[in-house]
Amino acid sequence: MPFITRITALLILMLGAATAQGQSNKLSPEAEISLITCGPWQGEVYTAFGHTAIRVNDPVNRFDAAYNYGVFDFGQPNFYINYTKGLLLFELGVYNYSDFIYNYSYYNRSVVEQVLNLSPSQKQALFDYLQWNALPENKTYRYDYFFNNCSSKVRDVIVEVLGDSLKFDDSYIKTDYTIRQLTDLYLKQQPWGDLGIDICLGLPMDKHATPYEYMFLPDYLESSFDHATLTLNGKTIPAVKVKQAAYTPVPEEPAKTMIHPWVVFGLLFLIISIITFNDLRRKKLSKWLDLGLFIITGLLGLLLILLWTATDHQAAAKNFNILWALPTNLFVVLIYRQKSAEFLKKYFTIAAIIYTIVLISWFFLPQQLHIFLLPLVGGLLFRAYAITRLL
């Protein structure tokens, strides 16, 4: 988020919070509470999934606020360390609703409002909860990309307040996507972002999501409420009373992406292949290429180990990408000149066998490895083979 945008959002947050605190805690009979779903924006990876908020609109008390669980503070202690370790705290922010909507319409993002079919007592209970949750001592929560984000948090708050009176009908979901596949749906215009996520996040991403877990995505939360019911005074009624577009985006051409990963990795594979065949012909290794390839993949493997073992990022555990991004590559290359040719031949023979197994089993592994990486792993195999032949 650009600096100016962050400052603007902070000022809006302060204004919204002050407005909220200045109002009566008692809602009028004309008050409505809505679920707000904001469409994706491809300007950033994290905005590609959309957003969710809760609107409380009381025209009698002149109160109209958006409760947003997607706020984080760059100034919180150890922000970047906590982000790296998976300990990032998000918080509930209270915005003036018109300012909240303006922020999304400015970026031409759709905004859909679902007015909930609540009784006066349910509205009051939900409003009271939100007011309590917005207090400084209560507003923060431990963020998780897939299991406790700004969308699932809204769901959990509404479920907690309404209890068993709210029922979701899962039958409308006809797919059996994994969490990774659900993520991929929203990153088709951001292939590099999709690739980065697939490299850094491991086997937990390949769990088949339940319909309830689909709701970590705002679009599916919206659809789930479309198919939900409420029980009031023994009667079953739709959970959504009215659904309307608060802002309809203007059609526009998708932004052009930078050079596609297929082009980059395809060219890399071609270059590695040409150099390798030339090395085999002249019987001499291009050691600069091996140093570059195996140091980079070794460093990446070390990063994946750290994400797996030294952070609380649940989705980064059990990462099969470590089968090709071998952390040992880094240490072997660093002691390249200190070890005998026999040792290096044995190591790269084992590495070549691992790369071969990974390539053969690519589409059968429990974790879905990104297809863009196939040329890279093929290139690593070629270089490992050349080293065993030419040392």
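The values are calculated or read from the model by the stated rules, or taken from the named source; none is laboratory data. In this text the structure is predicted, and so the values were computed from the model without any measurement. Glycine also receives a Cβ, built like all others from the backbone with ideal geometry; neighbour counts cover every protein chain displayed. Areas reflect the complete protein model, heavy atoms only, side chains present, ligands, DNA and RNA absent. Shrake-Rupley method; radii C 1.70, N 1.55, O 1.52, S 1.80 Å.
Provide, in order from the shortest bin, the percent of all Cα-Cα pairs of the range 207-347 in each 10 Å bin, continuing until the bin that contains the maximum pair distance.
9, 19, 22, 18, 14, 10, 6, 3, 0
Considering only protein heavy atoms, what is the solvent-accessible area of ARG142 at a probe of 1.4 Å, reported in Å² to the nearest 10?
110
Hey, rough spin-label estimate for SER165 and LYS318, points 7 angstrom out along Cα→Cβ, what's it come to in nanometres?
Here the modelled spin labels are 4.0 nm apart.
Quickly estimate the mean residue ellipticity at 222 nm for the chain, helices only: each DSSP H run with n ≥ 4 gives -39500 (n - 2.57), and the total goes over all residues, rounded to 500.
-14500 deg cm²/dmol
If packing is taken as the average count of other Cβ atoms within 10 Å, what order do 212-218, 194-200 fall into, highest mean first?
Ranking the peptides 212-218, 194-200 by packing returns 212-218, 194-200.
Taking the Cα centre of the range 148-285 as origin, sum charge times position over the Cβ atoms of Lys and Arg (+1) and Asp and Glu (-1), and report the length of that vector in debye to the nearest 20.
Dipole about the Cα centre, nearest 20: 660 debye.
Pairs LYS174/LYS318; LYS123/LYS235; LYS153/LYS235: which exceed 20 Å Cα-Cα?
Result: LYS174/LYS318; LYS153/LYS235 exceed 20 Å.
Set the Förster distance to 45 Å, then compute FRET efficiency between LEU89 and VAL264 from the Cβ-Cβ distance, nearest 0.05.
0.80
Using 0.36 nm per residue, how much length does the chain from ILE353 to GLN189 gain when fully extended, once their Cα-Cα distance is taken away?
55.5 nm
First measure r as the distance between the Cβ atoms of ILE335 and TYR177, then evaluate 1/(1 + (r/R0)^6) with R0 = 45 Å and state the FRET efficiency to the nearest 0.05.
For ILE335 and TYR177, the calculated efficiency is 0.50.
Among PHE100, PRO120, ILE350, which residue has its Cα positioned farthest towards the positive end of the charge dipole of the chain, with +1 placed on the Cβ of Lys and Arg, -1 on the Cβ of Asp and Glu, and the dipole taken about the Cα centre?
Positive-end residue among those listed: ILE350.
How much solvent-accessible surface does ILE350 expose, in Å² to the nearest 10, with a 1.4 Å probe and all protein chains in place?
Probe radius 1.4 Å; accessible area of ILE350 about 100 Å².
Rounded to the nearest 10 Å², what accessible area does HIS260 have for a 1.4 Å probe in the complete protein model?
For HIS260, solvent-accessible area is about 60 Å².
Could you tell me which residue out of HIS260, HIS227, GLN190 lies farthest along the dipole of the range 187-269 toward its positive end? Charges go on the beta carbon: Lys and Arg +1, Asp and Glu -1, centred on the Cα centre.
Of the listed residues, the answer is HIS227.
Taking the chain as a Gaussian network, where each spring joins two C-alpha atoms under 10 Å apart, which residue of GLY301, GLY292, GLY93 fluctuates the most?
GLY292
Between SER28, SER273, SER340, which gets the highest mean-square fluctuation from a Gaussian network model of the chain, Cα cutoff 10 Å?
Answer for the Gaussian network model of the chain: SER340.
If contacts are Cα pairs under 8 angstrom and at least 6 residues apart, what is the relative contact order of the chain in percent?
Reported as a whole number, the value is 17 percent.
Scanning the chain for helices, which whole DSSP H stretches are 30 Å or more long along the axis (Cα) and average -0.5 or more by Kyte-Doolittle?
Passing helices, by number: 261-282, 287-309.
At 0.36 nm per residue, minus the direct Cα-Cα distance, what do ASN278 and TYR102 gain on full extension? Give it in nm, one decimal, please.
57.4 nm
Can you give the FRET efficiency to the nearest 0.05 for LYS345 and TRP308, using r as the Cβ-Cβ distance and R₀ = 41 Å?
Computed FRET efficiency for LYS345 and TRP308 comes out at 0.85.
So for the range 160-238, Kirkwood radius off the Cα pairs, Stokes-Einstein at 25 °C and 0.890 mPa s: how many µm² s⁻¹?
So the translational diffusion coefficient is about 170 µm²/s.
Take the chain, connect every pair of alpha-carbon atoms lying under 10 Å apart with a spring to form a Gaussian network, then pick out the residue of VAL159, VAL115, VAL263 with the largest mean-square fluctuation.
VAL263
Report which label in [x] 4, 19, 26, 21, 14, 9, 5, 2, 0; [y] 5, 21, 27, 26, 17, 4, 0; [z] 4, 14, 23, 26, 22, 9, 1, 0 holds the value of P(r) over Cα pairs in 10 Å bins from 0, in percent derived from the coordinates of this structure.
Working out P(r) over Cα pairs in 10 Å bins from 0, in percent from the coordinates points to [x].
To the nearest 20 Debye, how big is the dipole of the chain about its Cα centre, given +1 on the beta carbon of each Lys and Arg and -1 on that of each Asp and Glu?
2020
Say the dipole of the range 199-308 comes from +1 at the beta carbon of Lys and Arg and -1 at that of Asp and Glu; which of MET205, PHE294, THR236 then lies farthest toward its positive end?
PHE294
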